[in-house]
Amino acid sequence: MDLKKIIALSGMALLLTGLPALAGKSSVELGEKLFKDPSLGGSTNEQSCNSCHADGAKLEKAADEKNLSKVINSCITGQLGGNKLDGRSVEMRSLKMYIESLIKK
């Protein structure tokens, strides 16, 4: 396979997987995907945020939290047994966007 085909196929694969995190773009869609991902933060078990908060249940008021990043990290390090996310990361911004979108539903 020549280099042009490899580059074209790689680009198409990235577009099809819908991983805006690779492009550095935060989104509600990515936040929802991460919310349901059992490997979030290097989780050491099979749980995801969605395990305790199915489709964002009972998080409508969480968006009002002054420090939502701390609340999210508390769940990741506690229930999920994972590692904290950087508060400025695409992943954290996307999770916050998803949780904040729950108020509008």
- Would you be able to say whether some residue in region 27-39 is in contact with a Pro (Cβ under 7 Å, 6 or more places away or on another chain) and at pLDDT 90 or above? yes
Note on region 49-78: residues over 19 Å from P38 (Cβ atoms) and of a type outside the set (S, T, N, Q) are K58, E60, K61, A62, A63, D64, E65, K66, L68, K70, V71
Log entry, pairs with first residue in region 41-58 being closer than 15 Å to L102 by Cα, second being in a loop (DSSP other than H, G, I, E, B) and not hydroxyl-bearing (S, T, Y), beta carbons closer than 6 Å, six or more apart or on different chains, reads N50/K36; H53/L59
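Limited to region 79-96, what total is found for residues that are under 10 Å from L34 (Cβ atoms) and assigned to a loop (DSSP other than H, G, I, E, B)? Let's see the steps before the verdict.
Step one: of region 79-96, the residues under 10 Å from L34 (Cβ atoms) are 85, 90-92, 94-95.
In the following step, the residues that additionally are assigned to a loop (DSSP other than H, G, I, E, B) were identified as 85.
So the answer is 1.
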Restricted to region 51-70 and to residues being surrounded by 16 or more Cβ atoms within 10 Å (Cβ to Cβ) and of a type outside the set (G, A, S), the residue nearest to E91 (Cα to Cα) is L68
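The values are calculated or read from the model by the stated rules, or taken from the named source; none is laboratory data. Everything numeric here is computed off the predicted structure, so don't read it as measured data. Positions of Cβ are backbone-derived with ideal geometry, glycine not excepted, and every protein chain shown enters the neighbour counts.
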